[in-house]
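Heads up: the structure comes next, in structure tokens.
Bear in mind these aren't lab numbers, they're just calculated from the coordinates by the rules spelled out. Since the model is a prediction, treat every value here as computed from it, not as a measurement. A quick note on method: Cβ atoms are made from the backbone with ideal geometry, for glycine too, and the neighbour counts reach across all protein chains shown.
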Amino acid sequence: MNARRSQLLWFWLFTGPALLGFICFSLWPMLYSLWLSLCQDDVVTPSRFIGLRNYIYLFFYDPAFWQSVKVTLIFTVVQVPLAVGGALAMALMLNEKVRGLGFWRSVYFLPSILPQAAFAVVFGFIFQADGGLLNELLSLGGIKGLAWTTSPEWALPVLIAMSLWAFGYPMVIFLGGLQSVPRELYEASRMDGAGAWARLRHITLPLISPVIFFNLVMGVIGSLKVFDLAYAFSVAQGPNIQPGGPARSTLFYGLNLYQQAFGYFHMGLASAMAWLLFAFIVLITVFNFRFSRRWVHYEN
Amino acid sequence: MSIRFRSVLFWLSAILLAVVGFWWAGHSRKPPPVEGQTEISWYLIITPLRDLYEEQAAAFEKLHPEIKVNIYWVPNSDYNVKLKTLAAAGQLPDLFLCGDVWISYLLPFTRDITDLVLRDAEEIGLDDYFPEIRRAMQLDGKYYIVTEYMNLSLLYYNRRLFREAGVPEPTAEWTWDDLITAGQALTRPATDDDPGVWGSSRVEGWWGEWLIYVRQAGGRAFTPDGRRCLLDSEEAITGLRFYLEKSSKHGFSAPAGFEPLNGFVNERVAMIVGGHVNFWLNYNEMPGLDWDVQLLPKGPVKRAGGEIAMAGYSISSTSEHPEEAWKLAKFLTRPEAVAAIVERGSLSVRRSVAEAVMKKEGPRANPHNLEAAYRQFKYGEPIPHHENFIEIMLQIVQPEVDLMLLGELTPEETGRIAAKKVNEFIATFSPDGPQ
């Protein structure tokens with residue numbers, strides 16, 4: 001066996017399992033779901049080809065589709081900057097040399113370990129209209145509380161507030177980025193009379209801009225796929241609120257897709273939704289990368 | 001063959017051996033089936049009556065040593081998903097809990113048991129079932145479920161709260177107006193020391209209550225063939241309006257979103273219109289909760305309109321042991337088994353059991369007015385057997401009803417918008433294609 005054939009054998013041997021896994025568990029299901037998106041399929045009876053009818057229904061008739069797009073976009077636009085900004089602020093604070101730094105870092109990271117479902121249940125109790133902790137506290141001050149979780153105006157803001165609590169992962173990534181900023185730059189700028197704000201604006205932020213960009217991209221992708229938080233939130237409200245309720249005010253795209261797929265077994269419709277989401281995420285990521293050239297600075 | 005290639009072959013063989021070894025070790029842990037014994041699987045929703053069902057399974061196995069029953073408990077919220085997923089994987093259980101509300105949804109993999117029911121009609125006591133239940137057991141004249149228990153919409157009320165407010169208890173002659181008058185008299189605003197009482201709960205989030213009013217006002221959700229939504233009719237809108245005005249005009253139900261959690265159990269709600277028989281067990285476990293039931297108040301057009309729904313057992317269409325599964329289904333629905341469930345707090349689907357309970361002397365658990373509950377049978381209406389009924393009601397109609405309760409839509413707009421959206425859905429997803 002010559003060297004080239006031997007190299008080829010090793011190549012296939014090492015990439016083969018991963019490639020096989022990708023083909024069986026990613027590529028094939030994706031292509032199959034593309035086919036399903038053109039069919040009416042309820043899992044148990046044979047699929048029926050219906051052309052683009054699923055897409056037409058989603059775009060023009062489905063009462064939930066555009067609402068779920070709207071809810072998800074609002075969440076993304078509000079939550080991602082707050083989450084990234086909050087994580088950055090925490091990382092900046094935890095990057096300072098204070099006593100018990102390790103302890104504080106652990107404490108602030110801790111909520112990220114908790115499952116989102118547990119968060120949703122606990123926050124559900126806090127924000128409950130009748131007898132909830134927040135309204136009870138407000139009533140002590142003579143303020144009549146609101147139906148936080150059961151009114152369409154407040155349910156989404158409550159969910160956004162809930163999601164901000166778990167900022168541990170982006171915070172840790174920011175911390176890593178902050179620690180790679182050369183100390184000499186700060187020392188030199190201090191000697192030149194730069195204040196804290198100037199150092200942050202002209203040294204820290206430009207140098208960690210790739211990290212900010214990474215967290216932003218991951219945050220956007222994550223927010224477009226939110227599911228567990230919204231699902232657990234509705235379940236925690238009891239039977240009076242349907243998943244995505246009240247009045248579809250927390251009907252995230254991912255939750256809507258799940259309901260179509262596993263609540264009602266409209267696999268064709270759910271597949272169409274999944275492909276639309278995929279296309280949107282690709283578009284938004286491409287846009288992010290294009291836009292990032294203006295403000296992200298790489299060392300090389 | 002190069003040394004490298006040999007070592008690759010060696011490692012591949014080692015991995016293969018390890019995989020086969022692990023598979024064999026795992027596989028061999030399963031106890032071998034007893035010779036001559038048939039194993040059947042039985043899927044159930046987790047229930048407080050779990051001990052009762054496990055006792056039933058043990059008694060059945062004792063009676064039929066040739067059959068081994070494997071029970072699988074599934075949480076309520078995952079039940080239908082689990083069944084459909086099992087159907088897709090070709091691993092359906094032999095016997096599963098099914099109800100007339102879901103039968104259209106599960107029909108593609110449910111066995112038509114008409115032949116078994118008619119063959120063993122005498123043995124199962126088909127005539128012993130209330131006629132309304134027997135009707136609900138069938139779909140297009142065919143039997144798919146053998147019934148074990150049921151739900152019936154009733155008027156539930158807290159006797160202590162009625163006494164304290166000096167309001168006479170509900171009678172069978174009550175109308176919507178009486179409900180309003182009593183509800184208002186029972187409502188007690190919250191103060192610093194008193195969490196207050198609402199005259200009536202308002203069931204939100206599903207059709208449990210508002211569909212009663214729609215029907216009692218002469219409306220209906222769909223045409224009989226299920227092809228068109230009728231919530232935009234004048235009658236349906238009257239029903240929706242009453243549902244809304246319980247709070248917004250008459251003030252005896254909590255505003256949307258402020259319904260007290262477990263209000264009836266916590267004695268913060270004096271009445272429930274509709275309710276669910278499954279909760280009787282919970283009510284009776286609450287010390288001091290003195291409750292009873294009455295016929296639903298009459299609507300402007302008719303008394304009928306409350307829901308009658310039943311649940312029992314179905315055999316999967318792919319079961320390899322339908323006869324054994326059928327034996328278990330018969331065992332679980334025999335009068336003694338139904339009586340055991342009724343005793344824990346439920347309504348009987350069998351006449352003989354109902355009569356025995358009512359004749360029984362000595363103290364009886366709540367509700368006392370079982371006569372009214374059984375009278376309500378003839379006013380109960382099953383929900384339409386539309387293959388997408390649950391989805392349509394929860395996903396399309398309910399969000400509009402939610403908006404109405406929040407004052408963002410009028411009942412007229414709610415009916416009109418909901419009907420339009422439902423009809424678009426039916427047109428797109430009807431099994432016969434777009435209309």
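Key figures
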{"quantity": "Percent antiparallel among DSSP beta bridges (both partners in the protein assembly as shown, rounded to 5)", "calculated": "65"}
{"quantity": "Highest-fluctuation residue, A:Ser33, A:Ser223, A:Ser271 considered, GNM on chain A with Cα pairs under 10 Å", "calculated": "A:Ser33"}
{"quantity": "Neighbourhood charge, 15 Å Cβ-Cβ cut-off, centred on B:Trp174 and excluding it, Lys, Arg +1 and Asp, Glu -1", "calculated": "0"}
{"quantity": "Segment B:282-351 - Rg over Rh from alpha carbon coordinates, Kirkwood radius", "calculated": "1.12"}
{"quantity": "Relative compactness, chain A, computed as alpha-carbon Rg over 2.2 N^0.38 Å", "calculated": "1.25"}
{"quantity": "Kirkwood Rh (inverse of mean 1/r, distinct Cα pairs), segment B:253-375, angstrom", "calculated": "17.2"}
{"quantity": "Computed over segment A:1-158, the ratio Rg/Rh where both radii use C-alpha atoms and Rh is Kirkwood", "calculated": "1.16"}
{"quantity": "At least 27 Å along the helix axis (C-alpha) and Kyte average at least 1.0, DSSP helices within chain B", "calculated": "B:3-27"}
{"quantity": "With eigenvalues of the C-alpha gyration tensor scaled by 5 and rooted, segment A:123-251, Å", "calculated": "41, 19, 10"}
{"quantity": "Formal net charge of residues neighbouring B:His321 (Cβ-Cβ distance under 15 Å; K, R +1; D, E -1)", "calculated": "-3"}
{"quantity": "Charge sum, other residues only, whose C-beta stays under 13 Å from B:Pro335's C-beta, Lys/Arg counted +1 and Asp/Glu -1", "calculated": "-3"}
{"quantity": "The protein assembly as shown - charge dipole about Cα centre, Lys and Arg +1 at Cβ, Asp and Glu -1, debye rounded to 20", "calculated": "2880"}
{"quantity": "Proxy reagent accessibility, fewest Cβ within 10 Å first, across B:Asp292, A:Asp192, B:Asp120, B:Asp78", "calculated": "A:Asp192, B:Asp78, B:Asp120, B:Asp292"}
{"quantity": "Farthest toward positive dipole pole in chain B [+1 Lys/Arg, -1 Asp/Glu at C-beta], among B:Leu281, B:Asn76, B:Pro384", "calculated": "B:Asn76"}
{"quantity": "Rg and Dmax [Cα atoms of segment A:77-192; Å; Rg one decimal, Dmax integer]", "calculated": "18.6, 58"}
{"quantity": "Fewest-first sequence of A:Ile221, B:Ile15, B:Ile272 by Cβ atoms within 10 Å of each Cβ", "calculated": "B:Ile15, A:Ile221, B:Ile272"}
{"quantity": "Spatial separation of Cα centroids for segment B:2-25 and segment B:309-330, in angstrom", "calculated": "46"}
{"quantity": "Rh by Kirkwood over Cα pairs, then Stokes-Einstein D for segment A:208-289 at 0.890 mPa s and 25 °C, µm²/s", "calculated": "175"}
{"quantity": "Pairs of Cα atoms farther than 22 Å apart, segment B:361-435, %", "calculated": "50"}
{"quantity": "Largest-first principal axis extents of the Cα set of segment B:86-162 (Å)", "calculated": "54, 34, 21"}
{"quantity": "Cα point-scatterer Debye curve for segment B:160-301, base-10 log of I(q)/I(0) at q = 0.14, 0.16 Å⁻¹", "calculated": "-0.68, -0.87"}
{"quantity": "Burial order of peptide ranges A:87-97, B:321-331, A:256-266 (average beta-carbon count within 10 Å, highest first)", "calculated": "A:256-266, B:321-331, A:87-97"}
{"quantity": "Projected area averaged over orientations for segment B:217-323, convex hull of C-alpha atoms, nm²", "calculated": "11.4"}
{"quantity": "Segment B:217-243-segment A:242-300 distance, computed between alpha-carbon centres (Å)", "calculated": "36"}
{"quantity": "For segment A:95-246, with +1 on Lys and Arg beta carbons and -1 on Asp and Glu, the positive-most of A:Gly131, A:Tyr108, A:Leu159 along the dipole", "calculated": "A:Tyr108"}
{"quantity": "Cα-Cα P(r), segment A:31-123, percent of pairs per 5 Å interval", "calculated": "2, 10, 10, 12, 13, 10, 10, 10, 8, 6, 5, 3, 1, 0"}
{"quantity": "Dipole magnitude (debye, nearest 20) for chain B, charges at Cβ of Lys, Arg, Asp, Glu", "calculated": "660"}
{"quantity": "Projected-area mean, segment B:103-229, by convex hull of Cα positions, square nanometres", "calculated": "12.2"}
{"quantity": "Whole-percent pair-distance distribution, where bins are 5 Å wide, for the alpha carbons of segment B:1-150", "calculated": "2, 7, 12, 14, 16, 15, 9, 5, 4, 4, 4, 3, 2, 2, 1, 0, 0"}
{"quantity": "Helical mean residue ellipticity (222 nm; -39500 (n - 2.57) per DSSP H run of 4+; nearest 500) of chain A", "calculated": "-20000 deg cm²/dmol"}
{"quantity": "Dimensionless Rg ratio for chain B, taking C-alpha atoms and the 2.2 N^0.38 Å reference", "calculated": "1.16"}
{"quantity": "For segment B:187-264, with +1 on Lys and Arg beta carbons and -1 on Asp and Glu, the positive-most of B:His250, B:Phe222, B:Trp207 along the dipole", "calculated": "B:Phe222"}
{"quantity": "Per-residue Cβ neighbour rank within 10 angstrom, fewest leading, A:Trp197, A:Trp35, A:Trp275", "calculated": "A:Trp197, A:Trp35, A:Trp275"}
{"quantity": "Helix runs (DSSP H) in chain A reaching 27 Å along axis by Cα, Kyte-Doolittle at least 0.0", "calculated": "A:3-22, A:65-94, A:267-292"}
{"quantity": "Cα-based radius of gyration of the protein assembly as shown once divided by 2.2 N^0.38 Å, which approximates compact folds", "calculated": "1.13"}
